[in-house]
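Asker: First the structure, which I've put down as structure tokens, then a few questions once you've had a look.
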Amino acid sequence: MNKRVLILNITSMNELPLMERWLLRDHIAENLGRTAPFLSRYLSYMVVPAPPEAIPYGNYNWRVTELWMREPLPIGGTLKAMFPLGYDRIVGQEGKPPYATEWDGRPEGPHPPAICIVPVRPTEDFLGAELRLTDKTILRWLIAFKYPQGVSVDEGEDWFLNVHSKEVIQQPGLTRYISHRTVESPFPWHRLTEQWYENFDGWRKSVIDSPPSYEKPPWAKHKRYPFLEPYSDFVSTFILERPTNDFLTDYHGYISAV
């Protein structure tokens with residue numbers, strides 16, 4: 001089973017009331033009418049506001065949504081009429097259809113939706129498999145990345161699996177580390193990775209204050225960890241352990257009626 005994961009950003013928190021109203025009142029009900037028979041879960045997480053130090057790491061600020069698919073879903077958005085006025089501008093997708101497969105992320109903007117299709121189970125489990133949910137608090141740093149243009153997937157994977165992941169495990173505040181290699185799809189991302197910390201102090205200690213030593217790959221386009229250009233080849237966000245919304249449950253009456 002695979003899941004489609006959407007990491008979403010909005011250009012201004014001033015747009016949050018509009019986007020939340022559209023999402024919860026219009027979009028979910030409409031989307032369930034199209035996709036509910038294909039889904040086993042439909043979850044969404046409100047993003048945890050990030051500290052200023054996280055902004056240079058391609059930080060996204062709105063939601064992470066997961067559609068767990070029994071069968072592949074069609075690529076594409078819902079009817080254009082159901083999107084709020086200015087939607088494409090608000091989500092950094094101006095001039096393109098909703099959920100376009102082309103990626104146009106740049107450090108200076110826009111910051112369009114990052115969409116990955118990955119196996120439900122991680123393809124790699126690097127650290128913390130024995131961790132019980134009651135052992136520690138959980139702050140999940142969710143990262144989508146792709147290898148830079150001109151770097152083959154094999155070359156990038158060799159660096160990630162045999163060099164980088166072994167260094168990341170040495171982060172002093174890291175409690176869990178898993179990764180999903182994306183499945184073949186029109187979307188450009190190569191991996192969706194999670195790094196867990198107890199809180200932002202743990203993240204800050206691991207990433208900012210006392211990071212391990214990293215080997216810079218020869219093809220690095222960015223001089224700092226993780227050596228991928230933020231907002232271009234690397235986007236990230238923070239979520240908690242439990243989803244904010246379980247749409248298949250929340251909209252059960254609607255699903256039964258369609």
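The values are calculated or read from the model by the stated rules, or taken from the named source; none is laboratory data. Here the structure is a predicted model, which is why all the values come from computation and not from measurement. Cβ sites come from the backbone with ideal geometry, for glycine too, and all protein chains shown count toward neighbours.
Asker: Only one of these is in contact with a helix residue (DSSP H, G or I) (Cβ under 9 Å, 6 or more places away or on another chain) and basic (Lys, Arg): ARG34, ARG25, ARG41. Name it. Working first, answer last.
Answerer: On the way: ARG34 fails: in contact with a helix residue (DSSP H, G or I) (Cβ under 9 Å, 6 or more places away or on another chain); ARG25 fails: in contact with a helix residue (DSSP H, G or I) (Cβ under 9 Å, 6 or more places away or on another chain).
Of ARG34, ARG25, ARG41, the one residue that is in contact with a helix residue (DSSP H, G or I) (Cβ under 9 Å, 6 or more places away or on another chain) and basic (Lys, Arg) is ARG41.
Asker: Exactly one of (1) modelled with pLDDT of 95 or more; (2) within 17 Å of PRO243 (Cβ to Cβ); (3) of a type in the set (Val, Ile, Thr) is unmet by ILE28. Its number?
Answerer: Looking at each condition in turn, ILE28 falls short on (1).
Asker: Can you work out which of the residues in segment 201-218 that are of a type in the set (Lys, Arg) and free of Cβ contacts under 8 Å to residues at least 60 places away in the same chain is farthest from SER236 (Cα to Cα)? Step through it out loud before you land on a result.
Answerer: Taking segment 201-218 and keeping what is of a type in the set (Lys, Arg), we get 204-205, 216.
Still in the running and free of Cβ contacts under 8 Å to residues at least 60 places away in the same chain: 205, 216.
Numbers: LYS205: 17, LYS216: 20 Å.
Among residues in segment 201-218 that are of a type in the set (Lys, Arg) and free of Cβ contacts under 8 Å to residues at least 60 places away in the same chain, the one farthest from SER236 (Cα to Cα) is LYS216.
Asker: Could you list, in sequence order, the residues of segment 114-145 that are crowded, with 16+ Cβ neighbours inside 10 Å and either assigned to a helix (DSSP H, G or I) or touching a His at 6+ places or on another chain (Cβ under 6 Å) (or both)?
Answerer: Narrowing segment 114-145 to residues crowded, with 16+ Cβ neighbours inside 10 Å: 114-118, 122, 126-128, 136, 138-145.
Listed by number, the residues that qualify are VAL118, PRO122.
Asker: Another question about this same structure. Considering each of PRO148, PRO188, PRO172 in turn, give the residue that is in contact with a Gly (Cβ under 9 Å, 6 or more places away or on another chain), within 18 Å of HIS111 (Cα to Cα) and surrounded by fewer than 21 Cβ atoms within 10 Å (Cβ to Cβ).
Answerer: Values: PRO188 fails: in contact with a Gly (Cβ under 9 Å, 6 or more places away or on another chain); PRO172 fails: within 18 Å of HIS111 (Cα to Cα).
Exactly one residue qualifies, and that residue is PRO148.
Asker: Could you pull out the residue among TRP219, TRP203 that is more than 21 Å from the chain's Cα centre (by Cα), surrounded by 14 or more Cβ atoms within 10 Å (Cβ to Cβ) and not polar (S, T, N, Q)?
Answerer: Values: TRP203 fails: more than 21 Å from the chain's Cα centre (by Cα).
Unique residue meeting the criteria: TRP219.
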